[in-house]
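These notes are about the structure you will find just below.
The numbers here are math on the coordinates, done by the rules we state, and not lab data. Computed from a predicted model, the values in this text were never measured in an experiment. Positions of Cβ are backbone-derived with ideal geometry, glycine not excepted, and every protein chain shown enters the neighbour counts.
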Amino acid sequence: MKNSGLIVFLSGMLLLAGCSESGVSEGLNEVLDETLAAEEGYLEVQDELKELEQSEQGLFESVMGLTQEELEEVQALSEEALASVEERLALIEKEKEAMAAAAEEFQGIDEVIAQAEDEAVASDLKELKTLMEERYAAHRAFISEYEELGDLQQELYTMLADEETDLQELQEQTVEVNEQNAAVKESIKIFNEKTEKFNELKSNIVEQLTAEE
């Protein structure tokens, strides 16, 4: 269960007040800064999520090391793990809301594109918009996968605390959790790739605008 490792896009001032596309550079600065500010809500939960995930993994390993005769301890640890999942899902909801707000802020790029007189700059800005939209779509996919993982983990921890749970059922649920965890990691990978491409294109646009000074 890993949410750590998500990459944020980089803003940074363009500092191109003297170039022919100064209005574009200023507008892009403003859009990126406001978008990054909105994404702070998602950045703020990352450390806490990582700590919860690591602690929860330790709880799971402890539970698996106990015997059926230690049911009370198994139930106590399982309850703690369930509480951890609920806390993580609440943090993920905050992250989802922050990224939705950031996506809304980024819509201001349309006005910047309209201001661009250079066709090459306008084309790059349109591509930048597409990449960012793909990035936010990738994050929404990540959220969906992560929430599904949380649901499966809750089912697993509930089963662990139930002395009537069949071993085969427990093994099957564990397999489902592991498979979903792999899906979460893949969604993180896709999100990071989109972010890196966005950052690369943004840097290229900065260089292109700088060359027009």
- [ ] Output the pairs from LYS50/LYS126; LYS126/LYS197; LYS126/LYS185 with a Cα-Cα distance over 25 Å in this structure; if there are none, say none.
- [x] LYS50/LYS126; LYS126/LYS185
- [ ] Quote the FRET efficiency, to the nearest 0.05, computed for GLN208 versus GLU86 with a Förster distance R0 of 45 Å and r equal to the Cβ-Cβ distance.
- [x] 0.40
- [ ] Return the whole-Å distance between the Cα centroid of segment 89-104 and the Cα centroid of segment 122-136.
- [x] 20
Task: Spherically averaged projected area in nm², based on the convex hull that wraps the Cα atoms of segment 23-157 - done: 8.8
Task: Net charge, GLU93 excluded, C-beta distance under 12 Å - Lys, Arg +1, Asp, Glu -1 - done: -2
Open item on the list: Net charge within 12 Å of ALA103 by Cβ-Cβ distance, Lys/Arg positive one each and Asp/Glu negative one each, not counting ALA103 itself?
Closed with: -3
TODO: Determine, from the Cβ-Cβ distance of GLN75 and GLU193 and an R0 of 35 Å, the FRET efficiency 1/(1 + (r/R0)^6), rounded to the nearest 0.05.
DONE: 0.25
Task: Label-point gap, in nm, between GLU117 and ALA141 - each point 7 angstrom along Cα→Cβ - done: 4.0
TODO: Mind grabbing the base-10 log of I(q)/I(0) for segment 138-182 at q = 0.27, 0.30 Å⁻¹? Debye formula, identical points on the C-alpha positions, no solvent, two decimal places.
DONE: -0.90, -1.02
